[in-house]
Amino acid sequence: MEVREAVPVHVSSKSPSLMCATLLYYWTKILPGLFIGNFKDARDVEQLSKNNITHILSIHDSARPMLEGMKYLCIPAADSPSQNLARHFRESIKFIHECRLTGEGCLVHCLAGVSRSVTLVVAYIMTITDFGWEDALSVVRAARSCANPNMGFQRQLQEFEKHDVDQFRQWLKEEYGENSSQDLQEAKNLLSKYKEQAELHQTTGGRQWNNNFSSVPSLSYSNYTTET
């Protein structure tokens, strides 16, 4: 099994986790040194080594270190709309970014690689680019078309864009210097690819393309639980 760019899969929004588990059976590279995968991927020692994965960000109900010699950030969190993931954005962004600056690889995973892990990666992409949450999610979907944060997580990304992302961008710049222009170009290329895929799919009259963004009212972070 090799880590490679996922072949676009047109998924039903009704069962993205099932579709990802059955169709996307390998990790997905989003940006250089940044991968999204599932629980099984995080235990594949051979592939972790082969792809220079030295850091694992694990976010699911029972997240804990699994392998010796690996650097972990473990965030116990449910895939529930009431779960507050925004409180973990800064530590997640820091963990991913510091790994990538060393030229090593970071795998971000939940159980299926659909909702929780995607939410954290979207927040990271928003911070290292000038993209809003919808474009950042489209970047991820261009590579991993089953990416589908639940409605509560989409609300939190919406709130992050509205209130906090500018401060996060400034913090990242002050802490680590100017970000690589390569990241922005890679993200722009993926966004263009996603839009082309969506347009092509609409013109061919196939099954519904996974471009669902929840039109939800903004909620303050206090509306979410303080579960870790």
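A few notes on this one:
- Residues in region 115-134 include at least one that is modelled with pLDDT of 95 or more, over 22 Å from residue 188 (Cα atoms), within 15 Å of the chain's Cα centre (by Cα) and not in a loop (DSSP other than H, G, I, E, B).
- Output for region 184-217, where each listed residue is over 17 Å from residue 137 (Cβ atoms) and modelled with pLDDT under 75: 204, 205, 206, 207, 217
- Residue count for region 179-197 satisfying the condition of being surrounded by 18 or more Cβ atoms within 10 Å (Cβ to Cβ) and more than 18 Å from the chain's Cα centre (by Cα): 1.
- The one condition in (1) under 20 Å from residue 149 (Cα atoms); (2) buried (at least 19 other Cβ atoms within 10 Å of the Cβ); (3) in contact with a helix residue (DSSP H, G or I) (Cβ under 7 Å, 6 or more places away or on another chain); (4) modelled with pLDDT of 95 or more that residue 6 fails to fulfil: (4)
The values are calculated or read from the model by the stated rules, or taken from the named source; none is laboratory data. The shown structure was predicted, so the numbers you read here are calculated from the model rather than taken from an experiment. A quick note on method: Cβ atoms are made from the backbone with ideal geometry, for glycine too, and the neighbour counts reach across all protein chains shown.
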